[in-house]
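Take a look at the structure below.
Each reported figure results from applying straightforward, stated rules to the coordinates on display, with no laboratory input. Predicted model, so just to flag it, every value in this text is computed and none were measured. Note that we place each Cβ from the backbone using ideal geometry, even for glycine, and neighbour counts take in every protein chain shown.
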Amino acid sequence: MREAFRQELKDLKAEVVSIGKGVTDRTRDAVTSLVTGDVDLAEKVVAGDEEIDRRTLAVEEHSIEVIATQFPVARDLRLLHSLTYIALHYERMADLAVNIARAAKRTAGRRGPQTLYDLIQAQGNLVYRVLDATCEALETRDVELARKLQDLDEPIDHLYKQFFRELARLQDEEDIEWASSMVLASRYLERIADNAVDIGERIAYLVTGEFEALHSPDEETS
Amino acid sequence: MALRTTPIADNAPNKITVKELDFFYGDFHALTDITVDIKEKAVTAFIGPSGCGKSTFLRCFNRMNDLIPSARAEGLVSLDGQDIYETGVDPVDLRRRIGMIFQQPNPFPMSIYDNVAFGPRLQGVSKKAALDEVVQTSLERANLWKEVKDILGRGGLTLSGGQQQRLCIARVLAVEPEVMLMDEPCSAIDPTSVQKIEDLMAELKDRITIIIVTHNMQQAARVSDFTAFFLQEVAGDPAILVEYDRTSNLFTSPKDRRTEDYITGRFG
């Protein structure tokens with residue numbers, strides 16, 4: 001019985017890590033579609049969201065079932081509860097990636113200043129790194145890496161602010177719909193990274209058993 | 001975890017204090033170096049694998065082990081600050097203050113009424129009205145009154161197992177104990193009765209201190225405020241108290257790896 005239970009926990013954890021990797025791929029595709037104007041790739045990201053939703057729900061259902069039948073305690077309980085929490089965060093991140101893909105569809109065919117594309121790409125590259133780190137920290141129970149996520153998030157916020165400054169230099173004739181879509185995309189990337197920081201805090205909890213101070217975004221710049 | 005509006009305060013008074021207790025059955029060293037404070041008006045659970053000394057430890061509190069020749073305790077066990085092993089302490093009086101419930105319900109072979117009136121009669125209560133009152137109150141507190149009020153003259157042994165256990169609880173309550181020791185009180189009864197006894201514990205702790213030994217970890221988690229985990233690490237060695245903490249902490253974030261391994265079913 002107990003062996004089967006342990007295997008279930010392992011499988012559930014592997015599934016959440018795999019969801020996390022799926023979200024990383026989708027975020028990468030979403031940013032690429034935006035920067036390159038690839039509508040097909042953007043469509044693929046939008047269409048793929050259903051799968052993430054379904055798998056997240058399955059993790060939650062499975063967790064509830066295990067709690068009801070196996071009475072997990074201590075690290076098993078922390079793991080189960082945290083896996084549900086982390087899966088739901090990944091699911092929200094996938095929704096944000098979908099929003100970026102939608103922005104890509106809206107802006108495809110129009111071309112703005114290259115600086116702004118470069119900034120989005122730079123921000124995206126940092127976000128992939130943060131996402132990879134959540135998966136790795138969860139997989140290997142790496143508390144130090146989980147705690148480092150907050151530091152990794154900082155330059156992303158920084159780029160988001162820089163994005164605003166660049167926008168202010170736009171000339172009147174620039175397309176305002178294009179500009180606002182790009183701002184939103186930058187904002188979504190910043191939100192994805194914030195979710196990753198929350199995941200990092202939860203990984204630290206599942207390993208140590210101590211709730212650490214929750215991170216809150218410094219300011220709402222929207 | 002036992003549901004409640006407010007958890008037991010950190011500075012709640014200690015009812016029983018144990019310091020550096022060692023316990024022996026002849027040459028066999030059963031427990032070593034146990035130090036623990038039992039909070040007043042709280043439920044404290046003792047858990048651990050079979051043979052880890054938790055029942056032995058429980059029996060130190062009312063000197064039940066005195067009845068075993070060659071058994072001896074070293075160290076301090078105090079009730080409200082008074083050493084219970086001191087010369088001059090009357091074990092019979094001690095056992096009135098610290099009542100005990102066993103795994104097998106053990107009503108006396110007499111009527112329900114006489115079972116409950118037994119203790120008060122020994123204490124000299126003889127007036128019928130006074131006895132009637134104590135019998136009713138005790139059965140009410142044990143959540144058994146409604147089921148037996150019309151059959152008080154019937155033999156205690158005619159009741160179901162779960163009812164018998166609540167009758168034994170009423171019998172203990174009739175002498176107004178300050179502490180109730182429960183040694184696996186639910187392992188021989190049906191689930192509905194278990195539920196009733198667990199509910200009863202939550203009600204009783206407003207007035208008395210409860211210490212329960214249980215093999216059922218979910219039960220410990222449900223009913224207790226504090227949990228102590230005992231372990232005999234090596235066969236033949238004395239058992240130790242590995243970890244003692246609020247139940248909510250011990251079952252979510254135990255500090256000791258051995259506790260973690262035991263409660264998550266990795267051994268034992």
Taking Cα pairs under 8 Å and at least six residues apart, what relative contact order does chain A come out at, in percent?
-> 27
Between residue B:46 and residues 5 or more places away or on another chain, the pairs with built amide H atoms under 5 Å apart involve B:212, B:213, B:214, B:228
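Among residues other than residue B:94 whose Cβ falls under 15 Å from its Cβ, what is the net charge (Lys/Arg +1, Asp/Glu -1)? If you can, show how the numbers build up before the last one.
Numbers: positive: B:15, B:59, B:63, B:95, B:96, B:97; negative: B:66, B:80, B:83, B:86, B:90, B:93, B:176, B:178.
Summing Lys/Arg as +1 and Asp/Glu as -1 gives -2.
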Considering only DSSP beta bridges where both residues belong to chain B, give the percentage that are antiparallel (nearest 5).
-> 60
With the dipole of the range A:2-208 worked out from charges on the C-beta (+1 for Lys and Arg, -1 for Asp and Glu) around the Cα centre, which of A:96, A:79, A:107 lies farthest toward the positive end?
-> A:79
Which pairs, out of B:15/B:128; B:41/B:196; B:19/B:41; B:128/B:149; A:10/B:54; B:19/B:39, put more than 23 Å between their alpha-carbon atoms?
-> B:15/B:128; A:10/B:54
Quick one: check the C-alpha center-to-center distance for the range B:64-128 versus the range A:176-190, whole angstrom.
-> 77
Could you work out the relative contact order of chain B, using alpha carbon pairs under 8 angstrom and six or more residues apart, expressed as a whole percent?
-> 28
Expected vector for the range B:238-252, Karplus 3J(HN,Hα) from phi with 6.51, -1.76, 1.60 and θ = phi - 60°, integer Hz, x for Gly and Pro, equals x, 7, 10, 8, 7, 8, 9, 7, 4, 4, 4, 6, 4, 8, 10
Measuring from the longest principal axis of the C-alpha atoms of chain A, the long axis of helix A:114-140 (C-alpha) lies at a number of degrees, nearest 10, equal to 0
Build a GNM of chain B with springs between Cα atoms under 10 Å: which of B:88, B:99, B:153 gets the top mean-square fluctuation?
-> B:88
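Assign one of three labels to the protein assembly as shown, namely rounded, prolate or oblate, based on the Cα gyration tensor with a ≥ b ≥ c the square roots of its eigenvalues; rounded applies when a/c is under 1.5, prolate when it is not and a/b is larger than b/c, and oblate otherwise.
Working: a/c = 3.36, a/b = 2.76, b/c = 1.22.
Judged from the Cα gyration tensor, the protein assembly as shown comes out prolate (a/c at least 1.5, a/b above b/c).
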Kindly provide the helix-only [θ] at 222 nm of chain B, computed as the sum of -39,500 (n - 2.57) over DSSP H runs of four or more divided by all residues, to the nearest 500 deg cm²/dmol?
-> -9000 deg cm²/dmol
Label point 7 Å out from residue B:234 along Cα-to-Cβ: which residues of the range B:53-81 have amide N under 19 Å?
-> B:53
Electrostatic dipole magnitude of the protein assembly as shown [Cβ: Lys, Arg +1; Asp, Glu -1; Cα centre; debye, to 20] | 1740
For chain A, set up a Gaussian network in which alpha carbons nearer than 10 Å are linked by springs, and say which option among A:169, A:75, A:92 fluctuates the most.
-> A:169
Under the helix-only model (-39500 (n - 2.57) for each DSSP H run of 4 or more, divided by the residues of chain A), the mean residue ellipticity at 222 nm, to 500 deg cm²/dmol, is -30500 deg cm²/dmol
Partner aspartates and glutamates for residue B:127 [C-alpha distance under 16 Å; skip if fewer than 8 residues away on the same chain] | B:114
Between the helical axis of A:143-168 and the dominant principal axis of chain A, each derived from Cα atoms, what acute angle in degrees is found, rounded to the nearest 10?
-> 20
Report the FRET efficiency, 1/(1 + (r/R0)^6), for residue B:110 and residue B:28, where r is their Cβ-Cβ distance and R0 is 51 Å, rounded to 0.05.
-> 0.85
Rounded to the nearest 5, what is the percent of antiparallel bridges among the DSSP beta bridges in the protein assembly as shown?
-> 60
How much of the calculated P(r) for the range A:2-208 lies past 29 Å, in percent of all Cα pairs?
-> 29
Amide hydrogen neighbours beyond the local backbone of residue B:15, cut-off 5 Å, H modeled | B:38, B:39, B:40
Take the alpha carbon atoms of the range B:132-192, find their center, do the same for the range B:203-231, and report the distance between the two centers in whole angstrom.
-> 19
Ordered by fewest other Cβ atoms within 10 Å, a rough proxy for footprinting exposure, A:44, B:255 read B:255, A:44
0 to 90° range, to nearest 10: angle between helix A:39-70 axis and chain A longest Cα axis | 20
Rounded to whole Hz, the Karplus (6.51, -1.76, 1.60) HN-Hα couplings of the range B:145-160, x for glycine and proline | 3, 4, 7, 10, 4, 9, 10, 4, x, 6, x, x, 6, 7, 6, 5
In order through the range A:93-103: 3J(HN,Hα) via Karplus (6.51 cos²θ - 1.76 cosθ + 1.60), integer Hz, x for Gly, Pro | 5, 5, 4, 5, 4, 4, 4, 5, 4, 5, 4
Which far-off residues, 5 or more places away or on another chain, put their amide H under 5 Å from the one on residue B:239, with H placed in the peptide plane?
-> B:31, B:32
Can you give me the relative contact order of the range B:37-108 as a percent, contacts being Cα pairs under 8 Å and 6 or more apart?
-> 22
Test item: Cα-centred dipole of chain B, Lys/Arg +1 and Asp/Glu -1 on Cβ, debye = 820
